[in-house]
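Every number in this text was worked out from the coordinates using simple rules, so none of it is lab data. Fair warning: this is a prediction, and the values are worked out from it, not measured in the lab. Here the Cβ positions follow ideal geometry from the backbone for every residue, glycine too, while neighbour counts run over all protein chains shown.
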Amino acid sequence: MSVSLLNCPAPAKLNLFLHVVGRRPDGYHLLQTLFQLIDRSDTLDFVTRDDGQIQRCNDIPGVPAETDLVVRAAKLLQTAAGRSDLGADITVHKRLPMGGGLGGGSSDAATTLMVLNHLWQTGLTREQLMALGLQLGADVPFFVFGQNAFAEGVGEALTPLKTPDRWYLVIEPGVSIPTSIIFSSKELTRDSKVVRITDFPEAKNLFDTGFGKNDLEMVVTKHFPPVAAAIQWLKTYGDARMTGSGACVFCSFEHEAQADEALSKVPSEWTGWKARGLQYHPLHHLSGS
């Protein structure tokens, strides 16, 4: 008998800062960042099957089903559970832009791991799901972790951190940026000073004090003028920054009315929206013990 769970959220994240502090011998970059969950999300529908078939039921332009992180996550969990009969039909409703630095694909994969772990009753712990997620991408463990965090390593070493209730104005400049191009750039600095969680101010003062930066921003803005223009425009309202490897940029506001005011003035050539910060992933209760 099939079981379904519909409209499962896969929320976006913002990198409140992102420092590149080194590089491992295998080429992976060592990072320090502060992950912030927001209430803008993709949603996914799941219907279980008992014939072992795992399939995505809708088309997503530019993302073949066989390479989709959602399908790969489901198959990885199926293998980890040692149950070839476990299957699922998955529908992905995309709302987050691809190549935007919001972690949409990683969040979709994490939601898949959490929901199917629940529906299939495979009983994996949160730590086991995070380990599976790391095989799919460096951001996936954070979404399974399910709460705002100071991250180190390649992004998998996570320390929970309570952040203030803030509103964010996010601008999509209309370009998609392949992460690999930015991280392979010879212009990227990889020697930011290592910080400790006690080094940066209370999260509520992070933007007021101008702490941190996004080390990828300099490379992106040089090669993608729309991103540079969006940051420059948004700086009118505060400490505007790029999230992840771009292209989306954001600014933090203490009050919703402030975000609304700025949103009403976003130039028509860009897509703008507001989001509220979250403390926990909406599916945190499903991510194991």
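Structure data summary
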| item | result |
| --- | --- |
| Listed residues Thr243, Thr112, Thr79, most fluctuating in the chain (Gaussian network, C-alpha, under 10 Å) | Thr79 |
| Dipole-positive endmost among Val195, Gly100, Phe250 within the chain (Cβ charges, Cα centre) | Val195 |
| Gain in span if fully extended, Arg49 to Asp85, counting 0.36 nm per residue against the direct Cα distance | 12.2 nm |
| Estimated vicinal HN-Hα couplings, Hz - segment 132-140 in sequence order (Karplus 6.51, -1.76, 1.60; Gly, Pro = x) | 5, x, 5, 5, 9, x, 5, 8, 4 |
| Table column - 3J(HN,Hα) (Hz), segment 243-249, Karplus curve with 6.51, -1.76, 1.60, x for Gly and Pro | 9, x, 8, x, 9, 5, 10 |
| Distant-in-sequence amide H partners of Arg23 (H built 1.01 Å from N, under 5 Å) | Leu30 |
| Contour minus Cα-Cα distance for Tyr280 and Lys222 (0.36 nm per residue) | 17.4 nm |
| Two-decimal Rg/Rh across the chain, once Rg and the Kirkwood Rh are taken from alpha-carbon atoms | 0.97 |
| Per-residue ³J(HN,Hα) for segment 74-91, Karplus 6.51 cos²θ - 1.76 cosθ + 1.60, θ = phi - 60°, Hz, x for Gly and Pro | 4, 5, 5, 5, 4, 5, 4, 7, x, 10, 6, 8, 6, x, 6, 9, 10, 10 |
| C-alpha center-to-center spacing [segment 154-168, segment 8-43] in angstrom | 10 Å |
